[in-house]
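Here is the structure we will look at.
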Amino acid sequence: MLLPTDIWVGALIRRAELNAAFAVVVRKGDPRGGAVLVKVLDRRSGTARLYAEATRMDGEPVWMQPAASEEERDLDGYIARAIRIDPDLWVVEIEDRDGRHFLTEAVEAF
């Protein structure tokens with residue numbers, strides 16, 4: 001991430017809000033260099049997806065889904081384990097009736 005994490009997270013939340021979604025920081029990590037997990041709740045289908053930052057083999061940044069489940073309970077378990085490993089981790093939760101993630105960077109399909 002080229003921007004400090006706290007600024008990047010603020011921009012993500014603002015994009016969601018401008019598009020009639022609800023977004024909130026569930027957990028604050030390191031303001032300058034903490035990694036980010038984005039949990040998206042799709043209220044129409046009742047599913048959830050989790051996105052994590054990654055780097056492709058060619059060095060390009062990408063967002064990917066680190067957990068195969070669409071059950072919120074399973075994703076919350078993944079998040080809890082990730083926090084134990086990385087105490088600087090940020091967690092952003094987005095509720096959108098269409099399940100949009102509002103990430104502007106490349107997103108790998110599951």
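The values are calculated or read from the model by the stated rules, or taken from the named source; none is laboratory data. All of these numbers come straight from a predicted model, not from anything done at the bench. As a convention, Cβ positions derive from the backbone with ideal geometry for all residues, glycine included, and neighbour counts pool all protein chains shown. Only protein heavy atoms, including side chains, enter the accessible area calculation; ligands, DNA and RNA are left aside. Shrake-Rupley method; radii C 1.70, N 1.55, O 1.52, S 1.80 Å.
Check every one of the strands (runs of 3 or more DSSP E) wholly within the range 6-76 and list those with 3 or more residues that are under 19 Å from Asp96 (Cβ atoms).
On the way: elements: 22-27, 36-42, 47-55, 61-64.
The qualifying strands (runs of 3 or more DSSP E) are 22-27, 36-42, 47-55.
For the range 21-53, which positions are closer than 26 Å to Ser69 by Cα and without any contact (Cβ under 8 Å) to a residue 40 or more places away in the chain? Can you show your working first?
Of all residues in the range 21-53, those closer than 26 Å to Ser69 by Cα come to 21-29, 34-53.
Once the filter is applied, which keeps residues that are closer than 26 Å to Ser69 by Cα and without any contact (Cβ under 8 Å) to a residue 40 or more places away in the chain, the range 21-53 yields Gly46, Ala48, Leu50, Ala52.
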> Would you pick out the residues in the range 25-46 that are under 17 Å from Leu75 (Cα atoms) and surrounded by 12 or more Cβ atoms within 10 Å (Cβ to Cβ)?
Replying inline: Val25, Val26, Arg27, Ala35, Val36, Leu37, Val38, Lys39, Val40, Leu41, Asp42, Arg43
> Residues in the range 85-98: is at least one open to solvent by 70 Å² or more (accessible area, probe 1.4 Å), in a helix (DSSP H, G or I) and more than 15 Å from Ala21 (Cβ to Cβ)?
Replying inline: yes
> Among the listed residues Arg73, Arg49, Arg81, Arg56, which satisfies the condition of being touching a helix residue (DSSP H, G or I) at 6+ places or on another chain (Cβ under 9 Å) and either loosely packed, with under 15 Cβ neighbours inside 10 Å or at pLDDT 95 or above (or both)?
Replying inline: Arg49
